[in-house]
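> Before I ask anything, let me first share the structure, which is written out below as structure tokens.
Nothing in this text is a laboratory measurement; each read-out follows from the coordinates by a stated rule. Nothing here was measured: the structure is a model prediction, and the numbers come from that model. Cβ: placed from backbone, ideal geometry, glycine included. Neighbour counts: every protein chain shown.
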Amino acid sequence: MSYNTQKKQVIAVVGAGPGIGEAVARRFVKEGFAVALLARTEDKLRTMQQGIESDFGNGTARYYITDLRVEKDVISSFASIRSELGPVNVLVYNAGARRVNGRSILNTTTEEFENFTKINLHGAFWSSKCVLPDMLAAGKGTIIFTGATGSLRGSPGLSSFSPGKFGLRSLAQIITREYQSKGIHGAHIVIDGPVDGKLIGGVTRRKWEREGEKAKLEEADSFIMQPHDLAQVYWYLHTQPRSAWTQELDVRAQKESMFSKL
Ligand SMILES: NC(=O)c1ccc[n+]([C@@H]2O[C@H](COP(=O)([O-])OP(=O)(O)OC[C@H]3O[C@@H](n4cnc5c(N)ncnc54)[C@H](OP(=O)(O)O)[C@@H]3O)[C@@H](O)[C@H]2O)c1
């Protein structure tokens, strides 16, 4: 059954949480897309879908419960998206996970390494394989991967995060080299610093509150990236004319100090 009766273009936001994921979903829906939201937690997904539909109309969002560490889950969700919404025009692979307090290699288990790497890398490989055939048949499509500072630099404690993110960056380059000439715009965004989402943004704001950093709280957007501003970058990449496609760009807040670490 089709839920996309108006035959809107379709974006799949893979790793749809309340931060970048939802902001990107809303940015594209505002421009006339229908969005497929993929993540594991049904109540969060339902709330997100309801919020988007209440702001933009019925049929603009649909969620698909998916564990991106499991290939058959990914394949089955994309099959449902295809039959319920139609072929995916834009894939944003946004899922990414890491331990908040890093551990050295010797204290990192194989299970942890595999678990995070599956989210950070394998899920993107499987998702890309699901959408590429329809994009190639259409002769166009956009695939954007969300990276991090750890995509470019290995730092102590991040052995279960950074290798997957490095791999994701490489996969974005390979997609570009293999499929750009066939109309696919592949891009990788290095998010170089903290995002003002529920988790990291919340931790950062609470720390500022504890430390009495009033100025920082008042000017949060100059220190931590705002999801709706980042969403603008995804939209910009998608709408670039084909004579000027970006393969990779980096973004950081005005006062972010990570830049020196790149
Ligand atoms: N937040 C930051 O400060 C920051 C900084 C630099 C880079 N980044 C990058 O930004 C991306 C995330 O953006 P965000 O932090 O704003 O998060 P977000 O969009 O709010 O949420 C991402 C969602 O991914 C989902 N996810 C995680 N593991 C999954 C799995 N195994 N299967 C399905 N879904 C899964 C989670 O939902 P469920 O738990 O419900 O599955 C989570 O809510 C990541 O690629 C991260 O590396 C973030």
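> Can you confirm whether segment 223-237 contains a residue that is farther than 22 Å from Ile11 by Cβ, within 14 Å of the ligand (Cβ to nearest atom) and more than 15 Å from the chain's Cα centre (by Cα)? Write out each step before concluding.
Of segment 223-237, the ones farther than 22 Å from Ile11 by Cβ are 223-224.
Still in the list and also within 14 Å of the ligand (Cβ to nearest atom): 223-224.
Checking which are more than 15 Å from the chain's Cα centre (by Cα) leaves us with 223-224.
Yes, segment 223-237 has at least one match.
> Only one of these conditions is not met by Thr204: (1) part of a helix (DSSP H, G or I); (2) of a type in the set (S, T, N, Q); (3) within 12 Å of the ligand (Cβ to nearest atom); (4) in contact (Cβ under 8 Å) with a residue 60 or more places away in the chain. Which number is it?
(4)
> Could you look through segment 58-91, keep only residues that are of a type in the set (D, E, K, R) and over 20 Å from Arg27 (Cβ atoms), and pick out the one that is farthest from the chain's Cα centre (by Cα)? Walk me through how you get there before you give the answer.
Of segment 58-91, the ones of a type in the set (D, E, K, R) are 62, 67, 69, 71-73, 82, 84.
So of that shortlist, the ones also over 20 Å from Arg27 (Cβ atoms) come out as 67, 69, 71-73, 82, 84.
Numbers: Asp67: 15, Arg69: 15, Glu71: 18, Lys72: 20, Asp73: 18, Arg82: 20, Glu84: 22 Å.
Per the stated criteria, the residue is Glu84.
> For Gly186, work out the one condition from (1) within 15 Å of the ligand (Cβ to nearest atom); (2) touching a strand residue (DSSP E or B) at 6+ places or on another chain (Cβ under 6 Å) it doesn't fulfil.
Going through the list (1) within 15 Å of the ligand (Cβ to nearest atom); (2) touching a strand residue (DSSP E or B) at 6+ places or on another chain (Cβ under 6 Å), Gly186 breaks only (1).
> Follow-up. Would you tally the residues in segment 144-170 being among the hydrophobic types (A, V, I, L, M, F, W, C) and part of a helix (DSSP H, G or I)?
First, pick out the residues of segment 144-170 that are among the hydrophobic types (A, V, I, L, M, F, W, C): 144-145, 148, 152, 158, 161, 166, 168.
Subset that is part of a helix (DSSP H, G or I): 166, 168.
Counting residues in segment 144-170 that are among the hydrophobic types (A, V, I, L, M, F, W, C) and part of a helix (DSSP H, G or I) gives 2.
> In segment 55-93, which residues are touching a Leu at 6+ places or on another chain (Cβ under 8 Å) and either at positive phi or not in a helix (DSSP H, G or I) (or both)? Don't jump to the end; show me each part of the working.
Residues of segment 55-93 that are touching a Leu at 6+ places or on another chain (Cβ under 8 Å), as a first pass: 61-66, 68, 74, 77, 93.
Ala61, Arg62, Tyr63, Tyr64, Ile65, Thr66, Leu68, Tyr93 - these are the residues of segment 55-93 that are touching a Leu at 6+ places or on another chain (Cβ under 8 Å) and either at positive phi or not in a helix (DSSP H, G or I) (or both).
> Across segment 1-54, which residue is farthest from the ligand (Cβ to nearest atom) among those that are basic (Lys, Arg) and assigned to a helix (DSSP H, G or I)? It would help to see each step written out before you state the result.
Taking segment 1-54 and keeping what is basic (Lys, Arg), we get 7-8, 26-27, 30, 40, 44, 46.
Adding the requirement that they be assigned to a helix (DSSP H, G or I) leaves 26-27, 30, 44, 46.
Values: Arg26: 12, Arg27: 13, Lys30: 17, Lys44: 5, Arg46: 11 Å.
Within segment 1-54, the match that is farthest from the ligand (Cβ to nearest atom) is Lys30.
> Now for a different question. Just name the residue that is farthest from Ser151 (Cα to Cα) out of those in segment 171-192 that are in a strand (DSSP E or B) and hydrophobic (A, V, I, L, M, F, W, C).
Looking only at segment 171-192, we keep the residues that are in a strand (DSSP E or B), and these are 184-191.
Within this subset, residues satisfying the condition of being hydrophobic (A, V, I, L, M, F, W, C) are 184, 187, 189-191.
On the way: Ile184: 22, Ala187: 13, Ile189: 10, Val190: 7, Ile191: 9 Å.
Within segment 171-192, the match that is farthest from Ser151 (Cα to Cα) is Ile184.
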